[in-house]
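No lab work stands behind these numbers, since they all come straight from the coordinates. The shown structure was predicted, so the numbers you read here are calculated from the model rather than taken from an experiment. Note: ideal-geometry Cβ built from the backbone for every residue, glycine included; neighbour counts use all protein chains shown.
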Amino acid sequence: MGGSGYEKGLRRFYTPLIDTVRGIATIEGEELRHLKKVLRLKEGDPLVVLDGRGRAFRGRVERLSRFSALIRLGEELEPSTESPIKITLLQALLKGDKNTLLVQKATELGVSRIVLFTTRRTVREPSVERIGRLKERLERVSIESLKQCGRTLAPEILITEFEDALTAGTTSPLKLIFHERAKTHLKEALGQPAGAVTVAVGPEGGFSAEEVALAESKGYRAVGCGPRVLRAETMGMVAVALVQYALGDMG
């Protein structure tokens, strides 16, 4: 391997169609449209391709056609932009486009897994069909953020119910649930090193006492984050940034 996962000046394209045996990648769909119509790359132009699973390669456009671009792979790049700690963000589903903003910023901040969930205070219980569409859209948002911020590994995105979300986060040795009445401050909880952290953030109006008790029964520690009340979408971003500052690679 050589170089870093983020090559300054080279355009980055996502594709799951990377064949290292043959030394080629294929770009299709919206990424192809962006390559041809927006950036107007030509045969022979250099770029970077990434698969969203941690691999990135330098390459050159070898052939352009109506439905695909064939990329000749060069050296594999060292993925140096991933966080040294694995952060799982459990976030209550938000209204409208706020979920998009949350996933975009969580990806930029280095989150490994984003689990959106419903609670008793969720504004409206989404249908299975709507959940599927939302998940697909948020995965596209994550890929776009991945390309922009220099990461190579896209966060896993799940949408489920609250108790299942708590279970998804129990693999982390440090598990935190934010609650405005918590007696422990976040600063105290982050006093010891941890290789993986789960942070749970509630909906507008916060978690109910029963939900906090359920989380605590699964090993979560209730923490607060200062005297001011933050919006749900703000709290998720702030929580991740503070964890990265205290234990990760920010600051």
Could you name the aspartates and glutamates whose alpha carbon sits less than 14 Å from that of residue 218, not counting residues in the same chain fewer than 8 places away?
163, 164, 210
Could you calculate the contour length gain from residue 228 to residue 100, that is, 0.36 nm times the residue separation minus the distance between their Cα atoms, to one decimal place in nm?
43.7 nm
Could you work out the mean projected area of the convex hull around the alpha carbons of the chain, in square nanometres to one decimal?
14.7 nm²
Given points 7 Å out from each Cα along the Cα-Cβ axis, report the residue 129 to residue 221 separation in nanometres with one decimal.
4.6 nm
Between region 15-68 and region 203-238, the Cα center-to-center distance that results, in Å
42 Å
Return the distance in nm (one decimal) between the two label points of a simple spin-label model at residue 82 and residue 68, each offset 7 Å from Cα along Cα→Cβ.
2.7 nm
Calculate the dipole size of the chain relative to its Cα centre from +1 charges on Lys and Arg beta carbons and -1 charges on Asp and Glu beta carbons; express the result in debye to the nearest 20.
660 debye
At 18 angstrom or more along the helix axis (alpha-carbon based) and mean Kyte-Doolittle of 1.0 or higher, what helices does the chain contain? Whole DSSP H runs only.
232-247
Here the relative contact order (percent) of the chain, from C-alpha pairs under 8 Å and at least 6 apart, is 20 percent
State, in angstrom, two size descriptors of region 2-78 derived from its alpha carbons: Rg to one decimal place and Dmax to the nearest whole number.
11.2, 32
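Distance check, please: which entries in 135/183; 42/135; 42/86; 36/105 exceed 31 angstrom between their Cα atoms? Don't skip to the answer; put the middle values down first.
Numbers: 135/183 35 Å; 42/135 33 Å; 42/86 38 Å; 36/105 28 Å.
The answer is 135/183; 42/135; 42/86.
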Filter the trypsin sites (Lys or Arg not before Pro) in region 180-251 to those in DSSP coil with at most 15 other Cβ atoms within 10 Å of their Cβ, and list the result.
181, 183, 218, 228, 231
per DSSP, antiparallel bridges as share of beta bridges in region 4-138, % nearest 5, sits at 65 percent
Which of 241, 182, 165 fluctuates most in a GNM of the chain (C-alpha springs under 10 Å)? That residue is 182
Can you pull out the GluC sites (Glu not before Pro) in region 190-251 whose DSSP state is coil and whose Cβ has at most 15 other Cβ atoms within 10 Å?
204
Which loop chymotrypsin sites (Phe, Trp or Tyr not before Pro) in region 1-100, with loop taken from DSSP, have no more than 13 other Cβ atoms within 10 angstrom of their Cβ?
67
